[in-house]
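Asks: The structure is given below, and queries will be raised subsequently.
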Amino acid sequence: MKQFIKCGKLFTGNAMANGPGDQYLVVEGDSISHVGSLSPGLQPGPGDTVTDYSRFFIAPGLIDIHVHLSYGNAKTEEDIDLYASVEFRALRGLEAAQKVLKAGYTSIADPATTSLVTPAIRDAIDAGLFVGPRITTSGRQITGRQGLSDWYPRWVGVPSTSIGVLVRNAAEGIEEIRCQIKDGVDFIKIAMDGDAMNPATGLSSGFTQEETTAMVTEAHRLGRKVITHARGAEAIRYAAKAGVDIIFHASWMDDEGLEWVVKNGCHLCPTLSLIVNDIDFTRATDGCYPDFPDAHKRELESACKVLPKAKAAGVPFMVGSDAGFAVTPYGEWHARELEHLVRYLGFSPEEALRCTTKGNAEAGLLRAGAKTGTLQPGRHADFIVIDGDPLQDIEILQDKSRLKAIYLGGEKVELALNPNAKRLRSEFSYQMWSEVYTQERINELMPRKRRLAV
């Protein structure tokens with residue numbers, strides 16, 4: 001049995017489909033067998049189905065390579081690492097994956113997860129136990145003393161339930177890489193530096209050039225690609241010289257770093273959604289205000305200067321949203337990353353859409369490889385149906401009411417998530433009060449008349 005999908009506008013991931021007559025996708029099983037107009041010899045027969053989407057825009061299923069399924073829309077680092085059992089995080093993460101799928105994202109990558117939470121979710125979906133997107137995942141991200149996951153005081157350390165694992169030298173990093181590969185991870189994530197908010201180290205690299213090269217070489221020897229978190233110039237330079245496959249952020253990349261990115265064929269994934277959402281959404285009542293939004297304003301200003309240089313130099317860009325924080329909740333803002341590419345980095349809507357479909361798929365990171373990301377014969381029948389033209393207005397993809405259908409492996413996705421699902425107190429760190437109530441502060445908030453002693 002074949003499915004004949006009649007398209008309105010058809011974006012294949014390579015380009016808009018052009019040709020005489022109506023455009024069709026023909027699906028057999030879970031794969032596409034034909035794209036384009038129908039010849040006299042290729043017509044619906046007995047038992048075949050025809051679905052008319054001629055009023056809509058058809059595109060490949062979207063791909064987000066920066067989703068953290070174990071985070072639980074975290075409000076603090078403690079929420080990520082300490083609260084909720086690892087087992088609960090896996091169950092909660094499955095719901096998160098389904099929310100991402102319902103937003104039109106048929107494939108995702110998770111770079112940093114608690115324990116083996118996301119590999120377990122991946123395997124449960126692959127086994128057909130649950131419906132969910134195609135998942136590619138790392139394990140815990142490898143960090144040094146100046147790396148992202150070493151964010152607690154030294155007397156606390158990096159807990160075993162953290163999304164990071166602390167290594168003190170290259171030998172320990174290599175041993176961790178070997179263990180993770182034995183556990184079945186798809187790629188390795190190294191946190192090369194931290195965040196501009198780190199008062200102790202700022203954006204110093206957590207590993208030397210020699211340590212970085214040793215770890216990347218071993219991961220590549222064992223057949224795994226390497227993603228690095230690198231915001232600062234030093235970490236970006238070390239990562240690029242080591243030949244990593246993908247660099248997240250790269251906001252303070254210098255000219256030497258860019259030269260090495262080009263020379264070694266690294267991909268960049270800016271992941272602007274976390275910093276822009278922080279700037280746009282954080283309120284004065286939030287604990288990180290104003291320091292965190294102000295730091296991200298400085299980072300965005302730098303990114304807007306250096307990343308267009310990379311684009312002009314022909315560096316391939318990938319797309320990820322950093323979903324999993326309270327400011328980047330699952331299923332909500334993934335497509336806003338495309339708006340940021342257009343608004344801040346000079347991409348056209350078509351370039352941005354191509355990056356999050358074909359570009360994300362053909363970088364060699366995903367388990368599905370080049371079987372997804374484009375609509376052409378032999379590829380997975382993963383596609384979305386949109387009311388409107390995102391090539392005219394990229395923000396349409398953020399409007400979930402415009403998403404008329406999602407197909408995964410040729411089957412229309414029908415997911416009814418529980419709208420009454422609640423969050424548990426045990427999932428989050430418990431802040432009893434938001435400030436210290438001195439006499440002075442109480443008088444500011446609620447001036448009181450002095451009570452005379454009897």
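Asks: Can you sort Ile65, Ile174 so the residue with the fewest Cβ neighbours within 10 Å comes first?
Replies: Lowest count first: Ile174, Ile65.
Asks: P(r) for the stretch 323-454: what percent of alpha-carbon pairs falls in each 10 Å bin, starting at zero?
Replies: Histogramming the stretch 323-454 at 10 Å steps yields 9, 25, 26, 14, 10, 8, 5, 2, 0 percent.
Asks: Next question. Can you give the relative contact order of the stretch 77-149 as a percent, counting alpha carbon pairs under 8 Å and 6+ residues apart?
Replies: 33 percent
Asks: To continue, here is another question. Suppose a student asked you for the relative contact order of the chain, using Cα pairs under 8 Å spaced at least 6 residues apart; what percent would you report?
Replies: 18 percent
Asks: What does the highest-first list of 266-278, 141-153, 29-41, 289-301 look like by mean Cβ count within 10 Å?
Replies: Top of the packing list down: 266-278, 141-153, 289-301, 29-41.
Asks: Something else now. Relative contact order, percent, of the stretch 1-113 when contacts are C-alpha pairs under 8 Å separated by at least 6 residues?
Replies: Relative contact order of the stretch 1-113: 27 percent.
Asks: When the chain is fully extended, how far beyond the present Cα-Cα distance does Ser401 get from Arg441, taking 0.36 nm per residue of separation?
Replies: Taking 0.36 nm per residue and subtracting the Cα distance, the gain is 9.8 nm.
Asks: Hey, fewest Cβ within 10 Å first, where do Asp126, Asp193, Asp245 land in order?
Replies: Asp126, Asp245, Asp193
Asks: With Cβ to Cβ distances under 9 Å as the rule, what net charge do the other residues near Ala196 carry (K, R +1; D, E -1)?
Replies: 0
Asks: Computed from the coordinates I sent, semi-axes √(5λ) of the Cα gyration tensor in Å equals one of [x] 42, 23, 21; [y] 58, 33, 19; [z] 39, 27, 22. Tell me the label.
Replies: Looking at semi-axes √(5λ) of the Cα gyration tensor in Å for this model, the match is [z].
Asks: Then there is this: With a 10 Å radius around each residue's Cβ, average the other Cβ atoms per peptide and rank 340-351, 248-259, highest first.
Replies: 248-259, 340-351
Asks: I would also like to ask the following. Rule-of-thumb check for the stretch 71-222: C-alpha Rg over 2.2 N^0.38 Å?
Replies: Expressed relative to 2.2 N^0.38 Å, the Cα Rg reads 1.07.
Asks: Here is a further query. Using the C-alpha gyration tensor of the stretch 341-380, what are the square roots of 5 times its eigenvalues, in whole angstrom, with the largest one first?
Replies: Rounded to whole Å, the semi-axes are 23, 11, 5.
Asks: Among 107-113, 324-330, what's the highest-first ranking by average C-beta atoms within 10 angstrom per residue?
Replies: 107-113, 324-330
Asks: Where Lys and Arg each count +1 and Asp and Glu each count -1, what net charge lies around Phe88 among other residues with Cβ under 12 Å from its Cβ?
Replies: Every neighbour counted, the sum reads 0.
Asks: Which entries in Lys225/Lys358; Lys6/Lys371; Lys75/Lys412; Lys182/Lys400; Lys182/Lys263; Lys309/Lys400 show an alpha-carbon gap greater than 29 Å?
Replies: Lys75/Lys412; Lys182/Lys400; Lys182/Lys263; Lys309/Lys400
Asks: Let me ask something additional. Taking the beta-carbon count within 10 Å as an exposure proxy, list Met192, Met215 from fewest neighbours to most.
Replies: With the fewest neighbours first, Met192, Met215 line up as Met215, Met192.
Asks: Taking the 0 to 90 degree range and rounding to the nearest ten, how far is the long axis of helix 209-221 tilted relative to the main principal axis of the chain, both from C-alpha atoms?
Replies: 40 degrees
Asks: Under 1.5 on a/c is rounded, so check that first for the stretch 1-133, then, if it is not, pick prolate when a/b is larger than b/c and oblate when it is not; a ≥ b ≥ c are the square roots of the alpha carbon gyration tensor eigenvalues.
Replies: Taking the square roots of the gyration eigenvalues as a ≥ b ≥ c, the stretch 1-133 is prolate.
Asks: Return the ratio Rg/(2.2 N^0.38 Å) for the stretch 170-297, where Rg is computed over Cα atoms only.
Replies: 1.14
Asks: Shifting gears a bit: Take the alpha-carbon centre of the stretch 133-150, take the same for the stretch 219-240, and report the distance between them in whole Å.
Replies: Distance between centres, Cα-based: 12 Å.
Every read-out reported here was derived from the displayed coordinates using simple, explicitly stated rules and does not represent laboratory data. Remember, predicted model here, so these are calculated numbers, not experimental data. Methodologically, a virtual Cβ is constructed for each residue, glycine included, from the backbone with ideal geometry; neighbour enumeration extends over all protein chains shown.
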